[in-house]
Each structure stands twice: as C-alpha cells, then as structure tokens.
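Throughout, read-outs are computed from the coordinates displayed, never taken from laboratory work. Computed from a prediction, not measured in an experiment: that's the story for all the values here. Cβ sites come from the backbone with ideal geometry, for glycine too, and all protein chains shown count toward neighbours.
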Amino acid sequence: MRWNSLKTEQLKFLYNKWIILTIISLVIFIPVMAIVLNKPTGKENVDFIVNQILQSFYLGQSGFTVISVLYFGQEFLNSTLRTSFLSVPNRFKFMTSKVINLVLWETLLFFIATVITIITVNTYFDFSITDENILILIKSLIPVYIVTVQLSLIAISLTSMSSSIVVSLAILLSMILGLGQLLLQFSKNLIFLPVLSVMNAFSTISTMVYPKLESGIIIQGLWSISLLFAAYYYIKRRVVR
C-alpha cells in the first residue's frame with residue numbers, strides 16, 4: 001500500500017506542468033548563475049569556483065521552494081485533497097509519501113544540477129577542474145543540499161497550514177531574496193530564522209554575523225521538524241467535505 005501511495009505521488013508530481021517547467025528552469029538557472037554572478041579575472045582558483053557554485057545554489061533555493069509549494073499546494077485546488085484522503089485515508093501515510101517523494105526528486109535534481117553546473121563552469125572559466133577539486137566542491141555542497149531540503153520541508157509545512165500557495169511563496173521567496181537581510185537590521189536575534197541561520201553554508205568563508213555552519217543546520221533543522229509536525233497535526237484534524 002505504501003508503494004502504491006508513493007507511485008501515486010510520483011504521478012502527481014510528473015503530471016503537474018508547472019512543476020516540470022520549474023525543474024527545467026532550475027537546471028538552467030543554477031549553471032547560468034554560476035558563471036555570471038561575479039566577473040571572471042582570468043586567474044580563477046578553486047575557492048572562486050566553489051563560491052560561484054555555492055552562491056548559484058543559494059539563489060536556486062527559490063526554485064526548490066517553488067517546486068515544494070506547487071507540489072503540496074495542488075492538493076488544495078479543485079477538491080484534490082478530498083480525493084487524496086479518499087484514496088489514502090491514513091493521513092500519516094499520506095504525508096510521509098508526499099515528503100519521501102519530494103525528497104527523492106530533489107535528490108535527483110541536486111545530482112543533475114551539480115553535474116551540469118560543473119561542466120558549465122569547467123567550460124566557461126579558464127580553470128581545469130580536477131578530481132581533487134570536485135571532491136572539495138561536493139564536500140562544500142553537502143550542507144547546501146541539507147539546508148535546501150530543510151527549507152523545502154518548511155515550505156510544504158507552511159503550505160499545508162495556510163492552504164495557500166501564495167502565502168508560503170511570499171514568505172519564503174522574500175526571505176531568500178532579501179527580506180531576511182532587511183529584518184536583520186532591526187534585531188540581531190533574527191539570525192535564528194530559517195534561511196538566515198544557514199547563510200554560512202553558501203560561502204567558503206564563514207561570517208561571524210551568522211551562526212556557525214553546524215549550528216545553523218541544527219537551528220533550521222529544528223524549524224523544519226517543528227513546522228512539519230505542526231502541519232501533520234493540522235492535516236490530521238482537518239475536516240474535508
């Protein structure tokens with residue numbers, strides 16, 4: 001039964017044209033950003049290349065957030081949620097199937113985007129990426145993958161609780177694209193908010209303004225787990241007619 005639920009979720013994911021369009025845009029956007037964010041000097045080193053890719057994945061969080069919100073948000077359109085609950089009455093199984101399916105697709109997208117970005121960067125810059133450099137890059141990207149999945153869980157939680165695509169997108173995209181930095185001007189305690197707490201994951205040089213990388217991952221992880229439990233509780237008690 002669980003496999004059937006997961007198979008159903010895969011079909012929901014694949015048959016959403018807006019999700020597919022976002023995926024295509026994302027695997028183009030990340031490599032392009034990796035070569036245009038900073039002007040090349042002709043003497044690029046591994047730190048420059050890694051920073052370029054990390055920053056491109058930071059902006060790429062927007063795409064992963066949109067995919068997550070669209071995937072969960074479609075349940076609240078045209079009585080889809082009612083049909084889903086009739087097909088899978090167990091709401092815990094319903095939530096876990098959707099989360100697992102999303103994480104699996106995001107893992108595949110990480111792989112595709114990373115490979116295309118490495119090829120693009122290696123072609124564009126006057127820099128030869130060796131096996132050693134690829135290992136350095138992958139080591140730097142693993143925290144990025146983790147925090148992006150965490151942000152996706154926050155996105156689906158906000159979507160489930162608000163029953164709105166617009167609300168969750170407005171909150172998270174604005175945080176990624178600059179609202180978080182603006183809020184930080186009013187209170188230093190806001191570094192514990194999602195997105196801000198993990199800013200050090202997107203640079204090879206840690207900034208003292210934000211929590212350390214490990215601490216930031218834990219902080220955002222607590223946000224994602226707490227909000228996911230809250231979303232499940234809300235879905236479990238939701239009356240659908």
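Quick one, what does Rg over Rh come out to for segment 1-135 if you take C-alpha atoms and the Kirkwood Rh? A ratio of 1.12. In a reduced charge model with +1 at each Lys and Arg Cβ and -1 at each Asp and Glu Cβ, the chain shows a dipole moment near 1240 debye about its Cα centre. The share of Cα pairs per 10 Å bin across the chain, counted from zero up to the longest distance, runs 7, 31, 33, 21, 7, 1, 0 percent. Scanning the chain for long hydrophobic helices, with DSSP H runs required to stretch 30 angstrom or more by C-alpha along their axis and to average at least -0.5 on the Kyte-Doolittle scale, returns 46-73, 91-124, 131-162, 213-237.
P(r) for segment 65-187, from all Cα pairs and a bin width of 10 Å, is 11, 32, 28, 20, 8, 1 %, short bins first. Past 20 Å, Cα to Cα, is the threshold; run Lys12/Lys98; Lys7/Lys93; Lys7/Lys236; Lys12/Lys93 against it and keep the listed order. Cα-Cα > 20 Å for Lys7/Lys236; rest within. In the chain, once you exclude exposed chymotrypsin sites (Phe, Trp or Tyr not before Pro) (DSSP loop, at most 12 other Cβ within 10 angstrom), what's the longest stretch remaining? Longest gap between qualifying sites, sites excluded: 16-185.
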